[in-house]
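Rule-based calculations on the coordinates, nothing more; no lab input. Keep in mind the model is a prediction, meaning the values are calculated, not measured. Reconstructed Cβ throughout: ideal geometry from the backbone, glycine too, with neighbour counts over all protein chains shown.
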Amino acid sequence: MLAAGGEPQPGRPSAAAAAPPDEPAPQAKTAGALWRERPNLGTSLALAVIRHGFKQHRMDDRLRTLTRLPAALLHPRLVSLAAHLHGRGAGRLDFAVLLEDLAWWDDDRLHVAARWRERYFLTLDRLTCRQD
């Protein structure tokens, strides 16, 4: 804590002295971790399969196709997919996460596509095991 003149108060460590210099503040870790925990497109598609009766083999094929497309072809298909999900009551896409993924699509498509596929299959597996 700083006194009125900008000097540290005696007996209280400053914020800089409390945290190790090479580690981010706890709030930064928490915010980044929470952002990555938000559902991406893969999670939303898995939830559509498990909770809303979409056919898994068709969703597998759709995800495989989407993750191989360039941005110019991906965007129109995502619009129709979002409309299809919404029409069946499964339209719970996190558009903030989707927008960030699309912003990185041209620069890091393989990484974004891998995250979508990973979250899709992990969510399917996790929710299927719970139902058994």
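List of remarks:
- Among residues other than residue 77 with Cβ under 15 Å from its Cβ, the summed charge is +3 (Lys and Arg +1, Asp and Glu -1).
- Here the Karplus curve 6.51 cos²θ - 1.76 cosθ + 1.60, taken at θ = phi - 60°, turns the phi angles of the stretch 88-100 into couplings of 9, x, 10, x, 9, 6, 8, 5, 5, 5, 4, 5, 5 Hz, with x standing for Gly and Pro.
- Cα gyration tensor category, rounded, prolate or oblate, for the stretch 79-120 with a/c compared to 1.5: prolate
- Under-5 Å amide H pairs with residue 94, H placed in peptide plane, nonlocal only: none
- Inter-site label distance for residue 128 and residue 57 at 7 Å from Cα along Cβ, in nm: 1.3 nm
- Rounded to the nearest whole Hz, the Karplus-based 3J(HN,Hα) values (6.51 cos²θ - 1.76 cosθ + 1.60, θ = phi - 60°) of the stretch 46-62 follow the sequence 5, 5, 5, 5, 6, 9, 10, x, 6, 6, 5, 5, 6, 5, 4, 5, 5, with x at glycine and proline.
- Alpha-carbon gyration tensor eigenvalues x 5, square-rooted, for the stretch 45-130, Å: 21, 15, 12
- Segment residue 86-residue 69, extension gain: residue separation times 0.36 nm, minus the distance between their alpha carbons: 3.9 nm
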